[in-house]
Amino acid sequence: MRRVVFFSIFVVVITSTVLLARLYYPWQLSPPQETIHIALGANMLVVPGLVTTMWSVQQHTRAPGRSLTLSYVPPSPLASISDFLD
Amino acid sequence: MLFHIFVTEDKEATAIWQMMECMGIPRESVARIVVIEERDYYVAQVRSDLSISTNFVRLFLPEELPSDISKVLWLDSDVVAQRDLTELWHSAFEGQYSDFAVAAVPRIDGKDYEYTFGGKINNYAIFKHAFEQRYPHRKIDLSKTAFNAAVLLLNLANLRTEQGRHATEEMVWWAKWNLETKCWTGGSQPLAMLLAEFSQAGDYQRLDPEWNVVYSSTPQEDWNEKTGILHWTWNKPIKPWLADLRQQSIEFWLPYGYPVMKCYRKLGLPEGDI
């Protein structure tokens, strides 16, 4: 009986160790991702440009589980500006 | 990826937070929005839009950003990224360029230092004479191709060394000098070139041209939706967010700028000419 208990504990410990190692191994192998620091500057009249720059960077910079979300449809050449923005 | 934003007034910071919320840009992607003070010696009285502190702050990022940030990418607000910037980020200050402090894209029109330090009236000789007087034993090669500072990578760790601080001090000296002489008119651009000149490497690292393709009214092969960064410079045409949306010149800006402008109008933020 004692042997069975020891053997069971042994199996549980080994299995847990292997599973934990498998879980953390890829994480341990990949180096921490370097943060890209981006500086921007604007006064009030440049704010639309600044946010557009930020938005474009956000759309393309690699991030796990993120996909490109551009949903823009080119305007018709006959439409007026107010059709797009108002 | 973290953004560090510099503005001149609190209301601009508020507008940016509002715009971010409207666009769904996560707040945690912005490390800080800093309201910077006007500094007299930054202001070359040539063009109002080039004279504001937010144009010059790029040159002082080693002081303005926390000391644990060793590298930064400055982007002007008239550019859009069309590709992941990771490749650009890793192309700077690596290998043989590890001692460089400044990395940028050379001007596509090939204009040189002589042009940049001469301004429109071509008075580079005044600068050259003053340079030789200040540094009798130092040469500056004015035939080098100038760079455009709209996309600028700075090696902050390098610029915080003794040599780097010296480069910044010399750059400020020339900024003040230019206030009196009005030798050049290019805002922060000539100063960025001087920063590179006085840095440890004595030059700037040339980046791949696709990371700062400037709009031209004549057809350009690399002005397309695959290029890394597109740049709408100040005079031709007007800034994209002020342009008629049907303008051909902003067709590559609109996929990003259109939703932004929708939010901008929705929030009722002020509009006008720059």
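The values are calculated or read from the model by the stated rules, or taken from the named source; none is laboratory data. The structure displayed is predicted, hence computed values, not measured ones. Note that each Cβ is placed from the backbone with ideal geometry, even for glycine, and that neighbours are counted across all protein chains shown.
Take B:W89 and decide whether it is modelled with pLDDT of 95 or more, surrounded by fewer than 19 Cβ atoms within 10 Å (Cβ to Cβ) and among the aromatic types (F, W, Y). Considered against the rule, which asks whether it is modelled with pLDDT of 95 or more, surrounded by fewer than 19 Cβ atoms within 10 Å (Cβ to Cβ) and among the aromatic types (F, W, Y), B:W89 comes out as no. Is it fair to say B:L73 is facing chain A (nearest Cβ under 9 Å), part of a helix (DSSP H, G or I) and either modelled with pLDDT of 90 or more or surrounded by fewer than 18 Cβ atoms within 10 Å (Cβ to Cβ) (or both)? Judged against the criteria, B:L73 is not a match. Meeting the requirement of 2 or more residues that are aromatic (F, W, Y) and more than 21 Å from the chain's Cα centre (by Cα), the helices (runs of 4 or more DSSP H) wholly within region B:121-239 are B:124-134.
Let's see how each residue does on (1) at pLDDT 80 or above; (2) part of a helix (DSSP H, G or I); (3) loosely packed, with under 10 Cβ neighbours inside 10 Å:
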| residue | (1), (2), (3) |
| --- | --- |
| A:F10 | no, yes, no |
| A:Y24 | no, yes, no |
| A:P32 | no, no, yes |
| A:T52 | yes, yes, no |
| A:Q58 | yes, yes, no |
| A:L70 | no, no, no |
| A:F84 | no, yes, no |
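Among all residues of region B:256-268, there is none that is without any contact (Cβ under 8 Å) to a residue 40 or more places away in the chain, more than 10 Å from chain A (Cβ to nearest Cβ) and either surrounded by 15 or more Cβ atoms within 10 Å (Cβ to Cβ) or at negative phi (or both).
Remark: pairs (first residue in region B:208-227, loosely packed, with under 15 Cβ neighbours inside 10 Å; second residue part of a loop (DSSP other than H, G, I, E, B); Cβ separation under 7 Å; 6+ apart in sequence or on different chains) = B:S217/B:K236; B:E225/B:Q82; B:E225/B:F252; B:K226/B:Q82. Just so you know, in region B:91-105 the residues that are over 17 Å from B:G164 (Cα atoms) and of a type in the set (S, T, N, Q) include one that is farthest from the chain's Cα centre (by Cα), and it is B:Q96. Looking at region B:107-129, can you tell me whether even one residue there is surrounded by 15 or more Cβ atoms within 10 Å (Cβ to Cβ), in contact with a helix residue (DSSP H, G or I) (Cβ under 6 Å, 6 or more places away or on another chain) and under 25 Å from B:L254 (Cα atoms)? No, because not a single residue in region B:107-129 is surrounded by 15 or more Cβ atoms within 10 Å (Cβ to Cβ), in contact with a helix residue (DSSP H, G or I) (Cβ under 6 Å, 6 or more places away or on another chain) and under 25 Å from B:L254 (Cα atoms). Tell me which residues, restricted to region B:1-33, are facing chain A (nearest Cβ under 9 Å) and β-branched (V, I, T). Scanning region B:1-33 gives B:I5, B:V7, B:T8, B:I16, B:I25, B:V30.
Has region B:251-267 got at least one residue that is in contact with a Cys (Cβ under 7 Å, 6 or more places away or on another chain), part of a helix (DSSP H, G or I) and either more than 21 Å from B:T86 (Cα to Cα) or modelled with pLDDT under 90 (or both)? Among the residues of region B:251-267, at least one is in contact with a Cys (Cβ under 7 Å, 6 or more places away or on another chain), part of a helix (DSSP H, G or I) and either more than 21 Å from B:T86 (Cα to Cα) or modelled with pLDDT under 90 (or both), which makes the answer yes.
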